[in-house]
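Heads up, the thing below is written out as structure tokens.
The values are calculated or read from the model by the stated rules, or taken from the named source; none is laboratory data. Model, not experiment: these values are computed from the prediction. Glycine also receives a Cβ, built like all others from the backbone with ideal geometry; neighbour counts cover every protein chain displayed.
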2 protein chains.
Amino acid sequence: MSSRKIGIVVYPDSEELDWAGPYEVFTMAAQVGGDLEVVTISQHEGPVRCAKGLRILPDHSFETAPQLDVVLVPGGEGSRVEMDNPVMLDWLVKAAESCTWVTSVCTGSILLAKSGLATGCEITTHWAYITTLRELAPHVTVRENIRYVRDGRIVTAAGVSAGIDMSLWLVGELFDADHSRKTRRFMEYDPEPPY
Amino acid sequence: MSSRKIGIVVYPDSEELDWAGPYEVFTMAAQVGGDLEVVTISQHEGPVRCAKGLRILPDHSFETAPQLDVVLVPGGEGSRVEMDNPVMLDWLVKAAESCTWVTSVCTGSILLAKSGLATGCEITTHWAYITTLRELAPHVTVRENIRYVRDGRIVTAAGVSAGIDMSLWLVGELFDADHSRKTRRFMEYDPEPPY
């Protein structure tokens, strides 16, 4: 039997922790045990320069990406460009066909809104983007002051680090609460912000 | 005046969030305002494949790396290889000469111990590595059940996600508490682990 697949979409100027947090959670959940594979996917082959300058080499282009069970769209400055990129939006709609969960972090939710995938849904985003998202996407309901929102198969996280919490919740759905607890334990995720 | 520079060392099988968490914190601290540049550094040029399969393109090799004010060593399975790599250990000692802070995340602390940089210091590591670190490095004191430890200019974090908390503490030292709070706010780092 082939593994369940999680595809993390990366694009120019996507925010590093938006995708790196969920990447760590899901790959750690796979290491803890169980049937799960995590791949990074971008429109084109070759390096992608992220929002703060980190360059990564994605595993797949849109053309070579496998069929997915979960798709995750990060946010970042580049989301303002990608929300008007029909190749990105069309690919998301097509990739979502096989997905049990369609998810985003931070301003990535604008891509779920613009693609039509989140039409009629409650979603969230980075606190500084709430008003803009409401203006740009009147066909969705934007919730604020919430860590992540689940509406059917659409799950959207608040800003940047909120993707870690959302992903741990998804691990609970994909496996069970105990699997998520073990994943958290191996990430030693017992946060203590100093300020 | 040239910027203060933070160098994040990456090596084969370094754990993704160990370096990506601090990378996000420090680059966000720079965006919030202030004199700070963050670069990734590896022994060789070209792509580095990390512990869970992510491939990144570091900014510098050991040869081209700029003079640093802060050096950060992540952990991961590859630390078991790098702790016996004299090129890595020699480079760390040399890079540390100009550094105000010499730091590690997770099992990265074994490299600070093996290089001699942490000799006589209190350090910490991932909970699952405490006993091994004590055996491998009898010339350091290994503390457990603590998020991060500061001993002089040596600052070491516990496992994986603890690097985020340590880095926010360092932002408080490099700037001030308010700068760290702003950085945290833009990362929306108000963790709510679901399980």
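For residues in region B:166-190 being of a type in the set (Asp, Glu), assigned to a loop (DSSP other than H, G, I, E, B) and more than 7 Å from every other protein chain (Cβ to nearest Cβ), which is surrounded by the most Cβ atoms within 10 Å (Cβ to Cβ)?
The initial filter retains those residues of region B:166-190 that are of a type in the set (Asp, Glu), namely B:173, B:176, B:178, B:188, B:190.
Still in the list and also assigned to a loop (DSSP other than H, G, I, E, B): B:176, B:188, B:190.
Pick out the ones that are also more than 7 Å from every other protein chain (Cβ to nearest Cβ) and you get B:176, B:190.
Values: B:Asp176: 12, B:Asp190: 17.
Within region B:166-190, the match that is surrounded by the most Cβ atoms within 10 Å (Cβ to Cβ) is B:Asp190.
May I ask you to say which residue of A:Gly108, A:Gly116, A:Gly75, A:Gly120 is touching a residue at least 40 places away in the same chain (Cβ under 8 Å) and over 17 Å from A:Trp169 (Cβ atoms)? Steps first, please.
Numbers: A:Gly108 fails: over 17 Å from A:Trp169 (Cβ atoms); A:Gly116 fails: touching a residue at least 40 places away in the same chain (Cβ under 8 Å); A:Gly120 fails: touching a residue at least 40 places away in the same chain (Cβ under 8 Å).
Selected residue: A:Gly75, the only one of A:Gly108, A:Gly116, A:Gly75, A:Gly120 that is touching a residue at least 40 places away in the same chain (Cβ under 8 Å) and over 17 Å from A:Trp169 (Cβ atoms).
Results for (1) hydrophobic (A, V, I, L, M, F, W, C); (2) under 21 Å from A:Glu24 (Cβ atoms); (3) modelled with pLDDT under 95; (4) in contact with an Asp or Glu (Cβ under 6 Å, 6 or more places away or on another chain), shown as yes or no for each residue.
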position	(1), (2), (3), (4)
A:Leu92	yes, no, no, no
A:Ser98	no, no, no, no
A:Thr103	no, yes, no, no
A:Gly108	no, yes, no, no
A:Gly116	no, no, no, no
A:Ile123	yes, no, no, no
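I'd like the full set of residues that are closer than 18 Å to B:Met187 by Cα and part of a loop (DSSP other than H, G, I, E, B), limited to region A:106-142.
Hits for region A:106-142 are A:Thr124, A:Thr125, A:His126.
Hey, can you tell me all the residues within region B:26-60 that are more than 10 Å from chain A (Cβ to nearest Cβ) and acidic (Asp, Glu)?
Passing the criteria: B:Asp35, B:Glu45.
Give me the pairs: first residue in region A:34-45 and of a type in the set (A, V, I, L, M), second residue in a loop (DSSP other than H, G, I, E, B) and surrounded by fewer than 18 Cβ atoms within 10 Å (Cβ to Cβ), beta-carbon distance under 7 Å, and six or more apart or on different chains, which are they?
Partner pairs satisfying both residue conditions: A:Leu36/A:Ser3; A:Val39/A:Pro66.
Sort through A:Tyr129, A:Tyr148 and tell me the only one that's farther than 12 Å from B:Pro193 by Cβ and among the aromatic types (Phe, Trp, Tyr). Don't jump to the end; show me each part of the working.
On the way: A:Tyr148 fails: farther than 12 Å from B:Pro193 by Cβ.
Exactly one of A:Tyr129, A:Tyr148 is farther than 12 Å from B:Pro193 by Cβ and among the aromatic types (Phe, Trp, Tyr), namely A:Tyr129.
What is the one condition in (1) of a type outside the set (Lys, Arg); (2) crowded, with 24+ Cβ neighbours inside 10 Å; (3) over 28 Å from A:Pro86 (Cα atoms) that A:Ile8 does not satisfy?
In the conditions (1) of a type outside the set (Lys, Arg); (2) crowded, with 24+ Cβ neighbours inside 10 Å; (3) over 28 Å from A:Pro86 (Cα atoms), A:Ile8 misses (3) alone.
Would you check which residues across region A:174-195 are farther than 12 Å from A:Phe26 by Cβ and touching a residue at least 24 places away in the same chain (Cβ under 8 Å) and list them?
Here is the first cut: in region A:174-195, the ones farther than 12 Å from A:Phe26 by Cβ are A:176-178, A:181-182, A:184-186, A:188-195.
Correct list: A:Lys182, A:Phe186, A:Tyr189.
From B:Asp18, B:Asp13, B:Asp69, which residue is among the charged types (D, E, K, R), farther than 25 Å from A:Ile41 by Cα and touching a residue at least 24 places away in the same chain (Cβ under 8 Å)?
Details: B:Asp18 fails: farther than 25 Å from A:Ile41 by Cα; B:Asp13 fails: farther than 25 Å from A:Ile41 by Cα.
That would be B:Asp69, the only listed residue that is among the charged types (D, E, K, R), farther than 25 Å from A:Ile41 by Cα and touching a residue at least 24 places away in the same chain (Cβ under 8 Å).
Here are the criteria: (1) within 14 Å of chain B (Cβ to nearest Cβ); (2) not in a loop (DSSP other than H, G, I, E, B); (3) not polar (S, T, N, Q). Tell me which single one A:Arg80 does not satisfy.
Unmet condition: (1).
When residues of region A:106-127 are filtered for being more than 15 Å from A:Arg143 (Cβ to Cβ) and hydrophobic (A, V, I, L, M, F, W, C), how many remain?
2
Hey, A:Thr141 hits all of (1) more than 20 Å from A:Asp165 (Cα to Cα); (2) within 14 Å of chain B (Cβ to nearest Cβ); (3) touching an Asp or Glu at 6+ places or on another chain (Cβ under 8 Å); (4) without any contact (Cβ under 8 Å) to a residue 24 or more places away in the chain but one; which does it fall short on?
So A:Thr141 meets the others, but not (2).
Would you confirm whether or not region A:23-36 contains a residue that is more than 23 Å from A:Asp178 (Cα to Cα) and either at pLDDT 95 or above or not in a strand (DSSP E or B) (or both)?
Applying the first criterion (more than 23 Å from A:Asp178 (Cα to Cα)) to region A:23-36 yields none.
No, every residue in region A:23-36 fails to be more than 23 Å from A:Asp178 (Cα to Cα) and either at pLDDT 95 or above or not in a strand (DSSP E or B) (or both).
Looking at (1) in contact with a Gly (Cβ under 6 Å, 6 or more places away or on another chain); (2) surrounded by fewer than 18 Cβ atoms within 10 Å (Cβ to Cβ), which is the only condition A:Gly53 fails?
Against the list (1) in contact with a Gly (Cβ under 6 Å, 6 or more places away or on another chain); (2) surrounded by fewer than 18 Cβ atoms within 10 Å (Cβ to Cβ), A:Gly53 comes up short only on (1).
A:Thr124 is checked against (1) more than 23 Å from A:Ile8 (Cα to Cα); (2) touching a strand residue (DSSP E or B) at 6+ places or on another chain (Cβ under 8 Å) and fails just one. What number does that condition carry?
(1)
Return the residue satisfying two criteria in turn: it lies in region B:107-138 and is within 13 Å of another protein chain (Cβ to nearest Cβ) and more than 14 Å from B:Glu82 (Cα to Cα), and of such residues it is surrounded by the fewest Cβ atoms within 10 Å (Cβ to Cβ).
Top of the filtered list is B:Ala128.
So, B:Ala96, is that one within 14 Å of chain A (Cβ to nearest Cβ) and either small (Gly, Ala, Ser) or in contact with a strand residue (DSSP E or B) (Cβ under 8 Å, 6 or more places away or on another chain) (or both) or not? Give the steps one after another, and end with the answer.
Working: within 14 Å of chain A (Cβ to nearest Cβ): no; either small (Gly, Ala, Ser) or in contact with a strand residue (DSSP E or B) (Cβ under 8 Å, 6 or more places away or on another chain) (or both): yes.
So B:Ala96 fails the test.
Here is a check on your reading of the model: is A:Tyr23 away from chain B (no Cβ under 13 Å) and either crowded, with 24+ Cβ neighbours inside 10 Å or free of Cβ contacts under 8 Å to residues at least 24 places away in the same chain (or both)?
No.
Scan region B:146-165 residue by residue and report those that are in contact (Cβ under 8 Å) with a residue 40 or more places away in the chain, part of a loop (DSSP other than H, G, I, E, B) and at the interface with chain A (Cβ under 9 Å from one of its Cβ atoms). Break it down into steps so the answer makes sense when it comes.
Residues of region B:146-165 that are in contact (Cβ under 8 Å) with a residue 40 or more places away in the chain, as a first pass: B:153-164.
Narrowing further to those that are part of a loop (DSSP other than H, G, I, E, B): B:153, B:158-161.
Matches in region B:146-165: B:Ala158, B:Gly159, B:Val160, B:Ser161.
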